[in-house]
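Below is one structure, written out as structure tokens; comments come after it.
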Amino acid sequence: MSIRPLVILPDARLREISAPVGTITGDVRKLAADMLETMYDAPGVGLAGIQIGEAVRIVTIDTSKEKEERKPLVLLDPEIVWTSGETRPYEEGCLSIPDYYAEVIRPDRVRVRFRTLDGETVEREADGLLATCLQHEIDHLNGVLFIDHLSKLKRDRVMKKFAKAAKREAA
Ligand code: K2U
Ligand code: ZN
């Protein structure tokens with residue numbers, strides 16, 4: 001297992017559409033382990049493969065609190081199959097857009113279908129932080145970032161800030 005470098009905005013890889021996982025190989029298991037280690041180290045509540053440069057449809061999530069026992073989730077080829085009519089706001093952040101937070105309104109509850117590392121296809125309903133995180137991570141698999149749910153004005157401001165920072169970094 002290893003902690004992998006995070007892909008940071010404005011890296012164009014964040015806009016890629018990730019490919020289905022397909023056969024669950026040893027490499028997929030190694031990637032899941034690296035993602036969990038990277039996510040806990042960040043620390044984050046979730047992580048998508050593309051955030052460490054792997055354009056495959058794999059997501060890791062753990063919404064357990066710091067002092068609680070860890071409850072890691074690994075979701076392969078996750079898809080949202082139902083969303084509630086009710087929505088709610090949540091102050092979101094993103095490990096690929098460090099130190100920027102903004103309110104995003106999303107469906108309050110979702111039902112997600114995914115494969116486990118054992119190859120089982122399962123469906124699970126979620127609410128609260130898990131529902132928000134599932135939507136945030138599955139957005140990543142489709143090249144969508146939480147700033148895409150904000151106004152154009154706010155999004156352009158964030159893009160400009162990170163483009164400037166990347167330019168300074170490269171100089
Ligand atoms: O995908 C990621 O970048 C990890 C996200 C997951 C997440 C975003 C919004 C809401 C819930 C989960 C976060 O960086 S994990 C840290 C975090 C958690 C809650 C709110 C803001 C940031
Ligand atoms: Zn994110």
Shape of region 1-44, Cα gyration tensor, a/c cut at 1.5: oblate
In a Gaussian network model of the chain with springs linking alpha carbons closer than 10 Å, the residue among Val81, Val104, Val28 that fluctuates most is Val81
From the helices alone, meaning DSSP H stretches of at least four residues, give me the mean residue ellipticity at 222 nm for the chain, per-run term -39500 (n - 2.57), in deg cm²/dmol to the nearest 500. -9500 deg cm²/dmol
Along region 61-78, what does the Karplus equation 6.51 cos²θ - 1.76 cosθ + 1.60 (θ = phi - 60°) give for ³J(HN,Hα), rounded to whole Hz, x for Gly and Pro? 9, 8, 8, 5, 6, 3, 7, 7, 5, 5, 10, x, 10, 10, 10, 9, 6, x
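Order of Met1, Met159 from fewest to most other C-beta atoms within 10 Å? Kindly include the intermediate steps, with their values, before the conclusion.
Working: Met1 11, Met159 15.
The order, fewest Cβ neighbours first, is Met1, Met159.
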Could you point to the residue in Leu14, Ala126, Val74 farthest towards the positive end of region 12-170's charge dipole, with +1 and -1 charges on the Cβ of Lys/Arg and Asp/Glu respectively? Leu14
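If you wrap the chain's Cα atoms in a convex hull and average its projection over all directions, what's the area in nm²? Present the calculation step by step, with values, prior to reporting the outcome.
Working: hull surface 41.2 nm².
Result: a mean projected hull area of 10.3 nm².
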If packing is taken as the average number of other Cβ atoms within 10 Å across a peptide's residues, how do 54-63, 118-127 rank, most packed first? 54-63, 118-127
Measuring from the lowest to the highest alpha carbon on each principal axis, how far does region 22-72 reach, largest first, in angstroms? 35, 18, 14
Most exposed to least, judged by fewest other Cβ atoms within 10 Å, Thr132, Thr87 sort to Thr87, Thr132
Could you tell me the center-to-center distance, by alpha carbons, between region 1-39 and region 111-162 in angstrom? 15 Å
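FYI, it's all coordinate maths here, none of it is from the lab. Because the structure is a prediction, the values reported are computed rather than measured. Cβ atoms come from the backbone with ideal geometry, glycine included; neighbour counts cover every protein chain shown.
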